[in-house]
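The values are calculated or read from the model by the stated rules, or taken from the named source; none is laboratory data. Quick caveat: nothing in here was measured; it's all calculated off a predicted structure. Cβ sites come from the backbone with ideal geometry, for glycine too, and all protein chains shown count toward neighbours.
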Amino acid sequence: MKTGMLLPLFGLGLLLFSANPAVAADGQSCPETLNFKKEKLADDNIVDLCQEYKGKVVMVVNTASFCGFTPQYKSLESIYSKYKDSGFVVLGFPSNDFGKQEPGDEAKIKEFCDRTYKVKFPMFEKTAVAKGTDDAMYKKLASIAGEYPSWNFHKYLLDRDGKLVSSISSRVDPATRSVTDQIESLL
């Protein structure tokens, strides 16, 4: 249940829940950047991002299958493969917000990622990420970063405590030295 919600209590009035920080399964507080549950791509399984990725260096990226930056899937998979055993993860969120470059359903997106780029990093439900989105996770990331993605393959890099370290332009390939240096310094 979300904190700060009013809950009708069997017609006896309203019960106000306090706005305490979310608590992860391990009893520790959850970073606000990971305090979300997301559905896996083309799958009904729901993942608690805090439970799954708390304590890892996380790169959140909005993806698209028909974009000039789509070859970044190869770079994302490369850095994921290189650093995953050290506590790094890439979280991909397909989006059709920019140029309608992700028009397919989730099954088609998953097939494209598997077949074309052999993507092994976690991919999640198709998500609206642009300014004005209703997606709570992207609203949170954008409010902290001071910017929403302005195109496909925008990246947010979080440290092991879930704090935003950098907001990385779509134009910057994730395997460039400037990005991998940041990742290595956080591992």
Qualifying position, being in contact with a Lys or Arg (Cβ under 7 Å, 6 or more places away or on another chain), among the β-branched types (Val, Ile, Thr), surrounded by fewer than 19 Cβ atoms within 10 Å (Cβ to Cβ) and over 21 Å from residue 168 (Cβ atoms), among 89, 47: 47
Any hit, region 67-74, residues being closer than 19 Å to residue 138 by Cα and outside any helix (DSSP H, G or I): no
Pairs with Cβ under 8 Å, 6+ apart, first in region 40-59 and free of Cβ contacts under 8 Å to residues at least 40 places away in the same chain, second basic (Lys, Arg) and assigned to a strand (DSSP E or B): 46/37; 46/38; 46/40; 48/37
Single residue of region 40-58 satisfying the filter (in a strand (DSSP E or B) and touching a Gly at 6+ places or on another chain (Cβ under 9 Å)) that is nearest to residue 100 (Cα to Cα): 58
Yes/no for residue 100 being within 21 Å of residue 37 (Cα to Cα) and not hydrophobic (A, V, I, L, M, F, W, C): no
Tabulated pairs, region 22-39, first of a type outside the set (D, E, K, R) and in a loop (DSSP other than H, G, I, E, B), second surrounded by 12 or more Cβ atoms within 10 Å (Cβ to Cβ) and modelled with pLDDT under 55, C-beta under 6 angstrom, 6+ apart or interchain: 30/22; 30/24; 35/22
